[in-house]
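The values are calculated or read from the model by the stated rules, or taken from the named source; none is laboratory data. The model shown is predicted, which means the values in this text are computed figures rather than measured ones. In this analysis, Cβ positions are derived from the backbone assuming ideal geometry, glycine residues included, and neighbour counts consider all displayed protein chains.
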Amino acid sequence: MYKPHYQITDKIVNHLTEIAVAREIVEKARLVPKWEISLRRDALIRSVHSSTHIEGNSLTLEEVSQLALGREVSAIRKDKQEVLNYIQVLSNLEKYIPKDKFIIPYILQMHRDLVKKTLNRSEDEGVFRNRQVVVGYKDSEGRTVVTFQPPRTKDVPKLVQSFLDWLNEATAQLMNPVLVAGIGHYEMVRIHPFIDGNGRTARTLATLLLLLQKFDTKRFFALDDYYDSDRMAYYAALKSVDPKTINITKWIEYFCEGVAFSVNRVKEKVLAISGSKKATASLEQVALTKRQMQIVEAISRSGKITSKEMQAMFKISPQAIHKEMKKLMEMRVVKLVGSGRGARYELV
């Protein structure tokens, strides 16, 4: 069975301690729903932009934001589709949480959803590669720089299975979630099981592993942002692993540094929000149902929502909508603006 090879260094311990302290501040902060949605939306957009940009996608952060809102942008079809796929996958990440244990079809489905309608050959979507590939990047002059030769094509299925067997073991499940995510990220890149989209699959798996172990239940952290801020450092960290010993200590140090960067950035935002006068003026955290959160998210996207729009969204009666909105108004989450046909609900 696969077994990760690394040492716990002072640098890793320091980063894990820093992450734990910052994460506790974020988790315990008093936030109203619209601020939670804002932080979650920011993390989603940044993750999507960074992870696709690393691999050469041309869309800007603003264009990714517009696509996330359902608006059209002028860009290459393939680049738009990559972004739309990634938005869909991250928005529904819970879909990939295994019911019992990780099995290969979960990984194949994740890949299929990430690369849908973006590969030269549609038959390469959601299947292990059937030919040899190399790992590299484009330099400033557009030349491909080879950084790594992945394992033989015929070895891919058993390598993935061996890794998943380890992931399903109690030992892995009891480890610090940041370490597990870092190990998963690297191993998926090392095996390079697909023709294309390996980086996106590896980064998505790392995010999923953190969610699975309850590390980022609020989905506030955009880990990919750190990698894209210095792509050469990202590739250098991946390349730092000796292909013979596969000792990933340097990579784990880098990965923990990236998580610490992301968590600390969210911590600073949360402190700025929860420390403001508006945040402390009797506005405490409120627990919303799944439907109520969907309503708030819909208002956040368009600025308002009507009763008819909610009826169509949830297939429920006007009376049920009125009851739901009354609760939200009592909690001071939304307010009613206008009357009659022009009535609409907005965030407080």
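Things worth noting here:
- If you filter the range 119-152 down to residues that are farther than 18 Å from residue 244 by Cα and polar (S, T, N, Q), you find that the one that is surrounded by the fewest Cβ atoms within 10 Å (Cβ to Cβ) is 140.
- Filtering the range 11-23 to residues that are under 21 Å from residue 242 (Cβ atoms) and either within 24 Å of the chain's Cα centre (by Cα) or surrounded by fewer than 13 Cβ atoms within 10 Å (Cβ to Cβ) (or both) leaves only 12.
- Among the residues of the range 283-305, the ones that are part of a helix (DSSP H, G or I), loosely packed, with under 14 Cβ neighbours inside 10 Å and small (Gly, Ala, Ser) come to 1 in all.
- Among (1) modelled with pLDDT under 95; (2) under 16 Å from the mean Cα position of the chain (by Cα), the one test that residue 170 misses: (2)
- Whenever a residue of the range 50-63 is in contact (Cβ under 8 Å) with a residue 24 or more places away in the chain, its partners that are among the β-branched types (Val, Ile, Thr) and surrounded by 21 or more Cβ atoms within 10 Å (Cβ to Cβ), lying with C-beta atoms within less than 6 angstrom and at least six residues away or across chains, give the pairs 52/83; 59/83.
- Residues of the range 306-328 satisfying the condition of being surrounded by 13 or more Cβ atoms within 10 Å (Cβ to Cβ), touching a residue at least 12 places away in the same chain (Cβ under 8 Å) and of a type outside the set (Val, Ile, Thr): 307, 310, 313, 314, 324, 325, 327, 328
- Condition broken by residue 37, with the remaining ones in (1) within 17 Å of the chain's Cα centre (by Cα); (2) closer than 25 Å to residue 202 by Cα satisfied: (2)
- Of all the residues in the range 101-118, those that are exposed (fewer than 13 other Cβ atoms within 10 Å of the Cβ) and assigned to a helix (DSSP H, G or I) number 1.
- Residues that are in contact with a helix residue (DSSP H, G or I) (Cβ under 7 Å, 6 or more places away or on another chain), of a type outside the set (Asp, Glu) and at pLDDT below 90, drawn from the range 55-84: 69
- The one condition from (1) acidic (Asp, Glu); (2) in a loop (DSSP other than H, G, I, E, B); (3) touching a Leu at 6+ places or on another chain (Cβ under 9 Å) that residue 141 does not meet is (3).
- Scanning the range 329-340 for residues that are surrounded by fewer than 12 Cβ atoms within 10 Å (Cβ to Cβ) and assigned to a loop (DSSP other than H, G, I, E, B) yields one hit, 339.
- Within the range 8-20, residues that are at negative phi reach partners that are among the acidic types (Asp, Glu) and surrounded by 15 or more Cβ atoms within 10 Å (Cβ to Cβ) with beta carbons closer than 6 Å, at six or more positions or on different chains, in the pairs 11/253; 12/253; 15/257.
Table: residues versus (1) of a type in the set (A, V, I, L, M, F, W, C); (2) assigned by TED's automatic domain parsing to the domain that holds residue 228; (3) modelled with pLDDT of 95 or more; (4) in a strand (DSSP E or B).
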| position | (1), (2), (3), (4) |
| --- | --- |
| 99 | no, yes, no, no |
| 133 | yes, yes, no, no |
| 154 | no, yes, yes, no |
| 162 | no, yes, yes, no |
| 166 | yes, yes, yes, no |
